[in-house]
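Input: a single structure, listed below in structure tokens.
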Amino acid sequence: VQLQASGGGLVQAGGSLRLSCAASGRTFSTYAMGWIRQAPGKEREFVAVVSRSGGSTYYADSVKGRFIISRDNAKNTVYLQMNSLRPEDTAVYYCAADLSLHSIVVVTTTLDYWGQGTLVTVSS
């Protein structure tokens, strides 16, 4: 599986962005999909994850109520709708795939697949 993230950019605080992550391969629906971010000088942190079917989602407390993760298995794509953005959301956002949803939540170093990252910058 290869992952290609897109949709990052510069936005003012309070604005919105939608990230997309397109996956190649026919096994997309067998993987949990998630978003992980890394701010300058900080460790990578979990943002959101969606189960294989899309029926279950989990969020970091810092984005709960503002971000929505979803997936379209017919299009092999996972999305992250980001609303009410804050300067502290500034980071490189990576999409990730793993057979284990829990592994994405805890951001293990051995996740099955990573995308290349897309930069989100939120100005105050």
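Bear in mind that the values in this text are calculations on the coordinates, not laboratory data. Computed from a prediction, not measured in an experiment: that's the story for all the values here. Heads up, the Cβs are rebuilt from the backbone with ideal geometry, glycines too, and the neighbour counts pull from every protein chain shown.
Using the Cα centre of segment 1-58 as origin and beta-carbon charges of +1 (Lys, Arg) and -1 (Asp, Glu), tell me which of Gly14, Gln2, Ala48 is placed farthest towards the positive end of the dipole.
Projecting each Cα onto the dipole axis, the largest value belongs to Gln2.
I need to check one value: relative contact order of segment 33-96, counting alpha carbon pairs closer than 8 Å and at least 6 residues apart, in percent.
37 percent
Need one word for segment 1-72: rounded, prolate or oblate. Basis is the Cα gyration tensor (sqrt eigenvalues a ≥ b ≥ c); a/c below 1.5 gives rounded, then a/b vs b/c decides.
Cα axes put segment 1-72 in the prolate bin.
How far is it, in nm, from the label point at Leu119 to the one at Glu43 when both lie 7 Å from their Cα along the line to the Cβ?
Reported label-point gap for Leu119 and Glu43 is 2.5 nm.
Of Asp61, Asp98, Asp112, which is the most mobile in a GNM of the chain whose springs link Cα atoms less than 10 angstrom apart?
Evaluated over the chain, the most mobile residue of the options is Asp61.
Taking Rh as the Kirkwood radius computed over C-alpha pairs, what is the Stokes-Einstein D of segment 33-74 at 20 °C in a medium of viscosity 1.002 mPa s, expressed in µm² per second?
193 µm²/s
In whole Hz and in residue order, list the ³J(HN,Hα) couplings for segment 63-68 that follow from phi through the Karplus curve 6.51 cos²θ - 1.76 cosθ + 1.60, θ = phi - 60°; x for Gly and Pro.
Values per residue, Gly and Pro as x: 10, 4, x, 10, 10, 9 Hz.
Output needed for segment 22-124: three equivalent-ellipsoid semi-axes, defined as square roots of 5 times the C-alpha gyration tensor eigenvalues, in descending order, whole Å.
Rounded to whole Å, the semi-axes are 22, 14, 12.
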